[in-house]
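Enquirer: I'd like to ask you about the structure that follows.
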Ligand code: ADP
């Protein structure tokens, strides 16, 4: 790579050292290679600037932000990105909040960010765009004459062909992606959905090895399953809990659920599955507590308010039905907990219940595996609909919609002999190590930089 690496993501860590796998990985990539990280500013403005604003804290690379107005936050971010593209990609077209104002704001912000990028990018630079907030960026850059390599990594699932049809901007959608040089997706299943959707387009043509021709442009589609910094997470998990583990576990076995409160995460179906297990439990079976840690997310979006009510009423009903004087079967914490607490909690748990209805990858599954004691590991119960299921085949894979199947998996996990738990954990840990977050970043950039430059120049 000869030129500068420019990373664009909606969030950029400001103040303090970065935490969280992806943010740390990007930070380390940029620290090693130098470059520029661009994200949205923390504070809203009345009139957004037409130039990027440098900020402090890059440590060996530069950081800059673009402005958003409060209306753009509502329409571009909460609106089009999170109430249109998010449900679309998570196969929930019933939740699409279609509003021309959202689409206009999304187009406007992307065009403005592209103009600011075009002011600073050189042909030999590489631009790495993250996620669904910026799908049109490459097309906007091409309109401005930018020939530098531009790659997109989509962290969430690629939508189904029939779902794309529900998008008023469905025709543009295909042009947006085709303007990239590389479209990176989480799984082979995502790649298959992407290729299938282009195959059905009159001007789409599939070539060999995931290359797609569309309306004269050619671009590459490939899967790069994201991972975590397994070593760092293990080290965090091995530190003793500041809380007394006996208090957390009481005299019950511990099942852990950890997710943002999002309808894609399948929390109600998980609670129902646990409820079915409670219902079928024999009088002498062990007690178990489901500890569900769920920070609220996108709280002003109606679909998120609805899921919060659904979870709270389900938990209340089941606790009312099954609690005893000295045991509450479900504990719901509607807050984030620090990673230093979360990691040892994973290690304490007998089971992680990871049951999304749709999920790009699901890093909680990988974190849980990294955190286990290999001598006495817990069991991962994983939805077939999580991207992670494509690699983590030694988990107990379940259909998240089927409460009986989830309940049976819980029972099987509790009964699983130590040898089997160890063998499954060993295989899963291998997957976590093989998909390290640092290799992920390097292999995406490697692939992007092997694509021929659009101006035909070498390098
Ligand atoms: P998503 O990106 O859709 O939220 P992932 O499973 O891929 O889902 O990543 C979630 C990240 O957020 C993980 O690193 C996880 O540890 C963290 N996280 C999720 N829930 C909590 C919580 N309650 N407290 C602290 N961290 C959390």
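The values are calculated or read from the model by the stated rules, or taken from the named source; none is laboratory data. Nothing here was measured: the structure is a model prediction, and the numbers come from that model. Here the Cβ is made from the backbone with ideal geometry for all residues, glycine too, and neighbour counts use every protein chain on show.
Enquirer: Would you point out which residue out of 103, 111 is over 26 Å from residue 455 (Cβ atoms) and out of contact with any strand residue (DSSP E or B) (no Cβ under 8 Å at 6 or more places or on another chain)? Before you say what the answer is, go through the steps one by one.
Expert: Numbers: 111 fails: over 26 Å from residue 455 (Cβ atoms).
One residue alone meets the criteria, 103.
Enquirer: Another question about this same structure. Being surrounded by 21 or more Cβ atoms within 10 Å (Cβ to Cβ), in the same structural domain as residue 136 (by TED's automatic domain parsing) and assigned to a loop (DSSP other than H, G, I, E, B) is the requirement here; does residue 12 meet it? Steps first, please.
Expert: On the way: surrounded by 21 or more Cβ atoms within 10 Å (Cβ to Cβ): yes; in the same structural domain as residue 136 (by TED's automatic domain parsing): yes; assigned to a loop (DSSP other than H, G, I, E, B): yes.
The answer is yes for residue 12.
Enquirer: Filter the range 247-258 down to the residues that are away from the ligand (no atom under 16 Å from the Cβ) and surrounded by 15 or more Cβ atoms within 10 Å (Cβ to Cβ), then identify the one that is farthest from the chain's Cα centre (by Cα). Reasoning before the result, please.
Expert: Residues of the range 247-258 away from the ligand (no atom under 16 Å from the Cβ): 247, 249-253.
From what is left, the residues that are surrounded by 15 or more Cβ atoms within 10 Å (Cβ to Cβ) are 249, 252-253.
On the way: 249: 29, 252: 31, 253: 29 Å.
The extreme case among them is 252.
Enquirer: How many residues does the range 62-81 hold that are over 17 Å from residue 112 (Cα atoms) and surrounded by 21 or more Cβ atoms within 10 Å (Cβ to Cβ)?
Expert: Qualifying residue count, the range 62-81: 2.
Enquirer: Check 336, 303 and return the single one that is surrounded by 12 or more Cβ atoms within 10 Å (Cβ to Cβ), within 13 Å of the ligand (Cβ to nearest atom), in contact (Cβ under 8 Å) with a residue 40 or more places away in the chain and within 20 Å of the chain's Cα centre (by Cα).
Expert: Values: 303 fails: within 13 Å of the ligand (Cβ to nearest atom).
When all the criteria are applied, what remains is 336.
Enquirer: Do we have any residue at all in the range 315-330 that's assigned to a strand (DSSP E or B) and either touching a helix residue (DSSP H, G or I) at 6+ places or on another chain (Cβ under 9 Å) or assigned by TED's automatic domain parsing to the domain that holds residue 81 (or both)?
Expert: Let us first name the residues in the range 315-330 that are assigned to a strand (DSSP E or B), namely 324, 327, 330.
Going one step further and asking which of them are either touching a helix residue (DSSP H, G or I) at 6+ places or on another chain (Cβ under 9 Å) or assigned by TED's automatic domain parsing to the domain that holds residue 81 (or both), we end up with 330.
Yes, there is a match, as at least one residue in the range 315-330 is assigned to a strand (DSSP E or B) and either touching a helix residue (DSSP H, G or I) at 6+ places or on another chain (Cβ under 9 Å) or assigned by TED's automatic domain parsing to the domain that holds residue 81 (or both).
Enquirer: Related question: Could you check, for the range 259-281, whether at least one of its residues is in a strand (DSSP E or B), touching a residue at least 60 places away in the same chain (Cβ under 8 Å) and buried (at least 17 other Cβ atoms within 10 Å of the Cβ)?
Expert: Step one: of the range 259-281, the residues in a strand (DSSP E or B) are none.
No.
Enquirer: Next question. So, in the range 202-228, exactly how many residues are free of Cβ contacts under 8 Å to residues at least 60 places away in the same chain and under 22 Å from residue 90 (Cα atoms)?
Expert: The qualifying residues number 2.
Enquirer: Identify all residues within the range 355-375 that are out of contact with any helix residue (DSSP H, G or I) (no Cβ under 8 Å at 6 or more places or on another chain) and away from the ligand (no atom under 12 Å from the Cβ); write none if there are none.
Expert: Residues of the range 355-375 that are out of contact with any helix residue (DSSP H, G or I) (no Cβ under 8 Å at 6 or more places or on another chain), as a first pass: 364.
Those that are out of contact with any helix residue (DSSP H, G or I) (no Cβ under 8 Å at 6 or more places or on another chain) and away from the ligand (no atom under 12 Å from the Cβ): none in the range 355-375.
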